[in-house]
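Below: the structure, in structure tokens.
The values are calculated or read from the model by the stated rules, or taken from the named source; none is laboratory data. Since we're looking at a predicted model, the values are computed, not measured. Positions of Cβ are generated from backbone atoms using ideal geometry, with glycine treated the same way; all protein chains shown enter the neighbour counts. Please note that ligands, DNA and RNA were not included when accessible areas were found on the heavy atoms of the full protein model with its side chains. Shrake-Rupley method; radii C 1.70, N 1.55, O 1.52, S 1.80 Å.
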Amino acid sequence: MPVSGLPPYDDNNIFARILRGEIPSKKVYEDEWALAFHDINPQAPVHVLVVPKGKYCSFADFSAQASAEEIAGFIRAVGKVANQLGLEAPGYRMLSNMGAHGGQEVPHLHIHLFGGRPLGRMIPGA
Ligand code: AMP
């Protein structure tokens with residue numbers, strides 16, 4: 001069931017296809033709950049995407065419908081990826097775009113992890 005007012009999950013979105021192994025990705029981490037891979041168009045020296053393995057369109061969908069186990073597994077995976085990439089000591093930014101105003105392009109929940117340089121304050125141009 002989609003979250004009220006939002007479209008249903010699209011099985012052919014690009015991250016669903018990456019999860020099924022139909023198209024390649026530069027994988028950095030995988031466990032039962034999540035897959036992490038390098039963004040194809042990096043916006044920082046480190047730009048990695050972490051996606052849950054379940055079919056969730058966005059954070060709205062995931063936060064409302066995922067099980068407690070899936071939520072814990074995914075959030076822990078995001079933390080492990082940041083740790084394994086060596087981002088914790090220098091610091092990093094995590095971000096998830098939601099819907100049209102959020103600028104979401106791929107309708108499968110993903111957390112962006114940015115790092116490798118000072119990232120400035122919040123939203124550029126704001
Ligand atoms: P968003 O705007 O939050 O939906 O971000 C989608 C992100 O997916 C963008 O940063 C794209 O560069 C990235 N992206 C799109 N296709 C691929 C792909 N095949 N492999 C890795 N990253 C991708």
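General observations
- Subset of the range 104-126 that is surrounded by fewer than 16 Cβ atoms within 10 Å (Cβ to Cβ) and modelled with pLDDT of 95 or more - its residue that is nearest to Trp33 (Cα to Cα): Glu105
- Checklist (1) at positive phi; (2) modelled with pLDDT under 95; (3) open to solvent by less than 60 Å² (accessible area, probe 1.4 Å) applied to Val3, failing item: (1)
- For Ala100, the criteria (1) within 12 Å of the ligand (Cβ to nearest atom); (2) exposed (fewer than 12 other Cβ atoms within 10 Å of the Cβ); (3) modelled with pLDDT of 95 or more hold in every case but one, which is (3).
- Residue within the range 78-91 that is open to solvent by less than 50 Å² (accessible area, probe 1.4 Å), within 11 Å of the ligand (Cβ to nearest atom) and within 24 Å of Val3 (Cα to Cα) present: no
- Filtered residues of the range 19-52 (kept if near the ligand (Cβ under 9 Å from one of its atoms), buried (at least 19 other Cβ atoms within 10 Å of the Cβ) and touching a residue at least 24 places away in the same chain (Cβ under 8 Å)): Leu49
- Close contacts from the range 1-12, counting a first residue that is farther than 16 Å from Ala100 by Cβ and a second that is open to solvent by less than 70 Å² (accessible area, probe 1.4 Å) and modelled with pLDDT of 85 or more, with Cβ to Cβ under 6 Å and a gap of 6+ residues or different chains, come to Tyr9/Cys57.
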